[in-house]
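The values are calculated or read from the model by the stated rules, or taken from the named source; none is laboratory data. Owing to the predicted nature of the structure, the values given are computational and were not obtained by experimental measurement. Every residue, glycine among them, receives a Cβ derived from its backbone with ideal geometry; neighbour counts consider all protein chains shown. These area figures cover heavy atoms from the full protein model, side chains too; ligands, DNA and RNA do not enter into them. Shrake-Rupley method; radii C 1.70, N 1.55, O 1.52, S 1.80 Å.
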Amino acid sequence: MSTSDHSAVPVPAPAPASFAVTVADVELEPDDLDPAQIVSGDPVVTGKVLWESADGRQVRGIWQITPGVVTDVEANELFVVVSGRATVEVEGGGTLELGPGSACVLREGDKTVWTVHETLRKAYHISY
């Protein structure tokens, strides 16, 4: 095979460099919350994507929501609560009490109601 033949083979992008952040200190950006999801209160959502796979099927980041009650349909997600408190009711499942240090797994398609008692910040990994 000649050298020119090698250029036709796609080369995967290099993996991003390893990194660390202090979750509590990361500056978050406004994130849209569909008004139809708000049950009560005036919750505000902010977030920051720290890494996303080239195909968009894996996302890692930080997410925050202020007090209020909202509904959601979940993705396949693992997250750890860094600060704040919330109660998450999973339709057809249990009620999850979340606080600092809680690790939570949500299944894709879970219908939830989030009652946020104190502004909640989490670090997450989502698989689509």
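Filtering region 37-59 to residues that are touching a strand residue (DSSP E or B) at 6+ places or on another chain (Cβ under 8 Å) and either open to solvent by 90 Å² or more (accessible area, probe 1.4 Å) or among the hydrophobic types (A, V, I, L, M, F, W, C) (or both) leaves Ile38, Val39, Asp42, Val44, Val45, Val49, Leu50, Trp51, Glu52, Arg57, Val59.
Rundown of residues vs (1) among the hydrophobic types (A, V, I, L, M, F, W, C); (2) open to solvent by less than 90 Å² (accessible area, probe 1.4 Å); (3) under 17 Å from Ala123 (Cβ atoms); (4) modelled with pLDDT of 95 or more, yes/no style:
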| site | (1), (2), (3), (4) |
| --- | --- |
| Ala8 | yes, yes, no, no |
| Ala13 | yes, yes, no, no |
| Ile65 | yes, yes, yes, yes |
| Val70 | yes, yes, no, yes |
| Val90 | yes, yes, no, yes |
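Within region 84-93, being closer than 23 Å to Leu50 by Cα and polar (S, T, N, Q) holds for no residue.
Filtering region 86-124 to residues that are within 19 Å of Val26 (Cα to Cα) and charged (D, E, K, R) leaves Glu118, Arg121, Lys122. Scanning region 104-125 for residues that are under 19 Å from Lys48 (Cβ atoms) and hydroxyl-bearing (Ser, Thr, Tyr), we see that the one that is least open to solvent (accessible area, probe 1.4 Å) is Tyr124.
Given the structure, is Leu96 over 27 Å from Asp55 (Cα atoms) and either open to solvent by 50 Å² or more (accessible area, probe 1.4 Å) or out of contact with any strand residue (DSSP E or B) (no Cβ under 9 Å at 6 or more places or on another chain) (or both)? For Leu96, the condition - over 27 Å from Asp55 (Cα atoms) and either open to solvent by 50 Å² or more (accessible area, probe 1.4 Å) or out of contact with any strand residue (DSSP E or B) (no Cβ under 9 Å at 6 or more places or on another chain) (or both) - is met. Taken over region 99-115, the criterion of being of a type outside the set (S, T, N, Q) and over 15 Å from the mean Cα position of the chain (by Cα) is satisfied by Gly99, Pro100, Gly101, Lys111, Val113.
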